Structures are given as C-alpha cells and as structure tokens.
2 protein chains.
Amino acid sequence: MFARMVLTKPYLLFLGDARDQLAAKTAQGIVDWRPEWCVGQLRLPNCKADCGLPDLSIQEAVARGAKTMVVGVANAGGVLPEHWVTTIVEALAAGLDVATGLHKRLADLPAIAAAAQRHGRTLHDVRFSTLALPTGKGSKRAGQRLLTVGTDCSCGKKYTALALEKGLRAAGVKADFCATGQTGVLIAERGLAIDAVVADFISGAVEHIAKANDADHWDVIEGQGSLFHPSFAGVTLGLLHGAQPDLFVVCHEPTRTAMRGVLHPLPTIQQVIDLTLQLGRLTNPAIQCLGIALNTEALDHAAAADLLAKTGRNHGLPCVDPIRTGVAPLVEALLHRFPGGRPVGG
Amino acid sequence: MFARMVLTKPYLLFLGDARDQLAAKTAQGIVDWRPEWCVGQLRLPNCKADCGLPDLSIQEAVARGAKTMVVGVANAGGVLPEHWVTTIVEALAAGLDVATGLHKRLADLPAIAAAAQRHGRTLHDVRFSTLALPTGKGSKRAGQRLLTVGTDCSCGKKYTALALEKGLRAAGVKADFCATGQTGVLIAERGLAIDAVVADFISGAVEHIAKANDADHWDVIEGQGSLFHPSFAGVTLGLLHGAQPDLFVVCHEPTRTAMRGVLHPLPTIQQVIDLTLQLGRLTNPAIQCLGIALNTEALDHAAAADLLAKTGRNHGLPCVDPIRTGVAPLVEALLHRFPGGRPVGG
C-alpha cells in the first residue's frame, strides 16, 4: 500500500519491445491521464507499441529534463526480460530513477541493484506493498462503491473508472478513484496492485483501500481481470467480494475473439452481468448493474454509434464508450438511482 | 514450491494459546497422519486445544530426542503473536530448529533471526515459495484430478484428500495427494501453500503442482476455503480453475452455523455443488460431483449414521465421514464412473 507513491517527474516511458499496443497499456494509461508528466518514449527494435510521444534516447530524455524512467510495459506474469536490463542500467547511469509495475523486483536483479547504488538512484517497485494487510471480513461498510468489471483483461476498466471519478466530481458527487493495478497506482499515486497481494488477502486489501466513508461518498474501484478468465478469475472474485459494490459497470472490447493470453472465448456482456450479480450478492445483496462501457477504438464512427445504441437497447442499460462518447449517461443513471449520490433511504 | 520440504524429526508441536481445537489444525493434521514424527506438545496458559500428545517443556522434549519445534497453530491472517517469540527463542537456544506455516516469516522477527544465528539452528517458513510461477493457462492437461471443496474453511478438505489418496492406492489406482496448505505441505513434505502465492499466480501454481500426468493417474488435490467465504473465495476459485477437476467431493461440518471468522451463514451442500459445477466448467466442462464428506465429530454415533444416510439419499450421492466410516464408498463410486481409474473412452 502506498499512502502516497510519488515519483520524481517528468518521465521517460520505456516501451521495450512490446508485442502490441495493449502490452504498453501502463505507458498508455499515464499518457492518457497525466500527459504533462511525460517527455518522451523509448522503444527497442521490434517494439509494436506507440504512445504518440517523441521517441527519445536516454541522453535526449535527460537533456529534456526527464527524472524517472517508467517501465510502461505489462506482460502476463510481470516478468522483466533479460535484454531490458542493459537499458535500465544505462538509464540509472545517466541519472534517472527507474520505476516498474512488474512482479519481479528491480533490486532482485544484481546488475540493476549495483547500478542504482553506484549512481545513487532510486528504484521503485510500484506493484509491491510492505503493508500488513488483514483478511477480508465481508461485512457491509458505510459509503457507496462502484466497481468496473470486464469480459476480459485490458478492456477499459481502469479508463472507465478514472472517467467516472472525473464525471461524478463534475456533477458535484464526492468520488475517489481507487487504483488496484500498477498503472492505476502510477496515475493516482496511491492505491495498491491487488494482483501482487498474497492470495489470502485479496478481499482484505480491497476493504483496506476502499474503507468505510461518508454515506454519500463513492469509491470508484478499478476492476481487474474477469470472472471468466481462467488465469485471473480468483483475483477478480476476491476484488468483487472486497469491493462489495452497490453498482458495477461492465467493460467490453467488442472485436476481441479470445481472452487475453489464453484460448478461452470471451463471455457475453449478459453472462458477466449475471455472474457478477450472483457472486457479488455474497457481500452486498443490493448490488446492481449500472451500465456498459465499450471500447470501440477498432470500429469506425458509424459502426461504433450503431453498436453502442444496439448494446444499450438489448440490455436496457446506458452504454457508452468513455473515450468516444464520455461517461455522462452513466453519471446521469447513477444520479437517477441515487439522487444526490446518496444511498436509497439515506 | 518445495520439490521436497524435509524437516529434521521428531517434532515438538507448539500449540501456543490456540483459542479452540480448530485453531490447532496444523498440529492435529500432523498427529493424525504422521504420529510417529511427534514426541509431544507444548501449550501456553489458556490454550484451548489438545492434540492428545504428552505435554512437554522444551527441555523435556529435547531429552526425548525432539529436533524441530513445529508451530502447529493456524490463525486467520497467519500472524505470529508477539508473546510466542519468547518460546521460539527458547526452543532455538535449546537446540531445536523451528518451522511455521504462518504468513509472517520467522526470520523477519529480529529476536528470532538473531537466536537462530547464535545457536546455529534452521528456520523453516513452510508457507513460502521462491519458485517463479507461471500464470495459469486453463487448457486441459492429461491425467485425472479430484478436488476436495467445502462449505467453509477447516471442515475436512485436507483429511478427505489424504484419506482418498490412501483408499485409491489400496484399490490399485495411481494416486498422489497434492498439498495446497501449510499443514498438507508439512504432512506430504511437498506441495505449495496456495494461499501464500501472489494473487496473479493462484491457478498457475495449481497447474504447476498438479502437472500433466498419465491418463489413469489421479491427483487428489487438497481444497482451500469456500466459494462462499467472503475472505477467501478468490483463492478457492483460482484453485478450482487451476485444478480443473474431473471430480470433486464436498466437505461439510453439519453443526456449524456461521462461516469461520466472519458473520456469514454457511451455504448448503447443494449450493456448493451447483456453484462448483457452474464455475468449474470454465476449465473442465466434464466436471462432476463424486460425493460428500461430512465431519460428524460433534455428533453421537446414531445421529451421525442417520445424517450420513439422509444426506446421501437427499443428494443421490455417496456420503461418508472419512474418520468414522472411511472413504471406501467414494473410492467405489470413482471406480464405477472411471473403471480402473481410467478416463472414459481412454
């Protein structure tokens, strides 16, 4: 847990040799929400991602004032490939701090630990927490909570939650984004990477980062994985139980055919709604689905508009693309169900 | 992961000030399955547990040949209370190694680390693994698997799995117990405490300890927690997905009214069967319920016999108490569905 997890700015974003744009979602998240923190990107040969920043060498980044190199690539398993070590050591030698959100600790790699010490630089392992967490209790606590869930990994749960925090605040509702992944923690500079917590404490960790609060306060909790993802459903379920959400929003990427990293087909939006309601009732019997957020980036404008309208109609729920249309319909629907953001009868 | 996790024997079992018999389930598991390894038990004032071994002081245990003191108390959160430190330091000073299955590492407590070094003793943190685990893949692998699941924590999942290993082997079926908790690891001297794994790797860890095997080989995998337990359901689901069981047995303690450590009521056996089938199909569409194992320790013989018969009849499944009746009906039912232990059509 990072009460505050603050890095020295601005950043050079390291994209490594990301195998596709999604693999660089940590870098993209920082660019989307904190562009003012980023001076450029560093890409290795064969990098398939591009975050639209100037391509800089380490020396060029230093010349433009960069203070920290953030490893902006997330891969299944959170491994740090051997061939990135050279670049990281070079960045440390050039005077940059280095931050990652991988499962491997930077300081566990002797070459990196030695370089950091030699050059007096700081290593940040954003995914790690030293906090002694309690196990989850499952008892209903005060305050309102909204969780983003998904048909898969990497389909817009973090972006939707951040957009909802912004939209709710603009509507005068007390709302706080609760980061549960390394990118969210890098953007919010607080929160906890829930997938790096020891398994016994998943729901307890969420109870800890989204504590009891004012009756009309909304924690907007970033979801992780999918209840239908064979690698990560355990994390998703523990997160659902710990979040005990009053509302959830289903995030979906409509052009994807298989779940990320495995051979399993995507579930339907309706399957995710049904299973989230069924399993979420364990810690909040009043759980409801608020709406749907599609990531229509791969569609043209007409196809996207058509799909958003059709999906909303089919489910009888507001359906938005947080990037293309914004989340106003979700904020309106929340205020319709909870006038003034207050609990029903509260 | 401990390819082999071998402690020096025999053991003095430390029960601390266990708040009830269940809190000492690690010690009880060792006494049940490896009595020949135990010379006695050490209990602090107010200890509510008794494993039926001679009560010994550390000096008396050493005189009887004890080589390792095993902390046999499991508490929610796996914390090591401050006031146990004195006893552990005393044991190290008297020449014993010390082993625990708690979430807190012994060596992280300076007084214990110093005493171990001073006296040249070894500290064993059975719950920890240094293995680099992969994330789960969810693809069906060769070999047969049976998982014990439960209506709650601490209701007989480990005991049932160990009894099934023994029963299957006696029937000529190739079978191996796969430990997933600290007690199981202490008994089997291999396996992995799944609740101490980093959350992203729960299902991957189970895929690792119950690897692809001969088509007629059965891994009998120890279950953890309950899909209905608000603290631990995430672990249970990841374990179910990684185990991809062909068969499961539901374990239940019929006199319990609330789930262990929380205020939630127990689910019914039927609810556990239904949800395990529903969620287990993600990684094994052919999953079936084999039968039920009741822990009838709190009932008299007539009441137990009556309940076992009634529960079996109501569910149309074999129903046993592994301690009172043995697991022969479950082994027979397995051989009926899978003649010779072989996969159907295999």
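A few points about this structure:
- Shortest-first nm distances, B:ALA328 label point to equivalent points in other copies (7 Å, Cα→Cβ): 7.5
- Checking every one of the trypsin sites (Lys or Arg not before Pro) in region A:23-53 against DSSP loop status and a limit of 15 other Cβ atoms within 10 Å picks out A:LYS48.
- Under the convention that each Lys and Arg Cβ holds +1 and each Asp and Glu Cβ holds -1, the size of the dipole of region B:11-125 around its Cα centre is about 160 debye.
- Per-selection metrics, region B:97-176 (Cα): Rg and Dmax in Å: 18.8, 50
- Each listed q (0.32 Å⁻¹) maps to a log10 I(q)/I(0) for region A:171-216, found by the Debye formula over equal Cα scatterers with no solvent: -1.13.
- Taking amide hydrogens as placed 1.01 Å from N in the peptide plane, the amide H of A:GLY191 sits under 5 Å from those of A:PHE2, each at least 5 positions away in sequence or on another chain.
- Per-residue ellipticity at 222 nm, computed for the protein assembly as shown from helices alone with -39500 (n - 2.57) per DSSP H run of at least four residues, works out to -9500 deg cm²/dmol.
- Given R0 = 60 Å, the distance between the Cβ atoms of B:ALA171 and A:GLN21 translates into a calculated FRET efficiency of 0.65.
- Calculated FRET efficiency, A:ARG64 to A:ALA328, Cβ-Cβ distance, R0 = 35 Å: about 0.45 to the nearest 0.05.
- Of every Cα-Cα pair in region B:59-128, the percent that sits beyond 18 Å: 31
- Normalised contact order of chain A, rounded percent, pairs of Cα under 8 Å and 6 or more residues apart: 15
- Taking only the alpha carbons of region A:11-125, we obtain Rg and Dmax values of 12.8, 34 Å in that order.
- Inter-label distance, nm, simple model (7 Å from Cα along the C-beta direction), B:ASP306/B:GLN288: 3.3
- In units of the rule-of-thumb radius 2.2 N^0.38 Å, chain A shows an alpha carbon radius of gyration of 0.99.
- Overall Cα dimensions of region A:6-76, principal axis frame, Å, largest first: 29, 24, 19
- Bridge type composition, region B:134-292 - antiparallel percent by DSSP, nearest 5: 5
- Spread of Cα-to-Cα distances over 10 Å intervals beginning at zero, given as percent, for the protein assembly as shown: 3, 15, 23, 24, 19, 11, 4, 1, 0
- Sites B:VAL344 and B:ASP274 - FRET efficiency at Förster radius 25 Å, r taken between beta-carbons, to 0.05: 0.65
- Label positions at B:THR8 and B:SER139, each projected 7 Å from the Cα along the C-beta direction, are separated by 4.5 nm.
- The order of B:ASP214, B:ASP176, A:ASP17, going from fewest to most other C-beta atoms within 10 Å of their C-beta, is B:ASP214, A:ASP17, B:ASP176.
- Label-point spacing for B:THR268 across the identical copies (point 7 Å from Cα in the Cβ direction), in nm and ascending order: 2.8.
- Tail weight of P(r) past 15 Å, computed on alpha-carbon pairs of region A:130-171, percent: 63
- Diffusion coefficient (Stokes-Einstein, Kirkwood radius over C-alpha pairs, 37 °C, 0.692 mPa s) for region A:144-341: 199 µm²/s, rounded to a whole number.
- In range of the label at B:HIS336: residues from region B:282-296 whose backbone nitrogen is under 16 Å from the point 7 Å along Cα→Cβ: B:288-293
- Inter-copy label distances at B:THR130 (7 Å, Cα→Cβ; nm, one decimal): 2.1
Read-outs throughout are calculated quantities, based only on the coordinates presented, and are distinct from any laboratory measurement. Everything numeric here is computed off the predicted structure, so don't read it as measured data. Don't worry about glycine lacking a Cβ; one is built from the backbone with ideal geometry, like all the others, and counts go over all protein chains shown.
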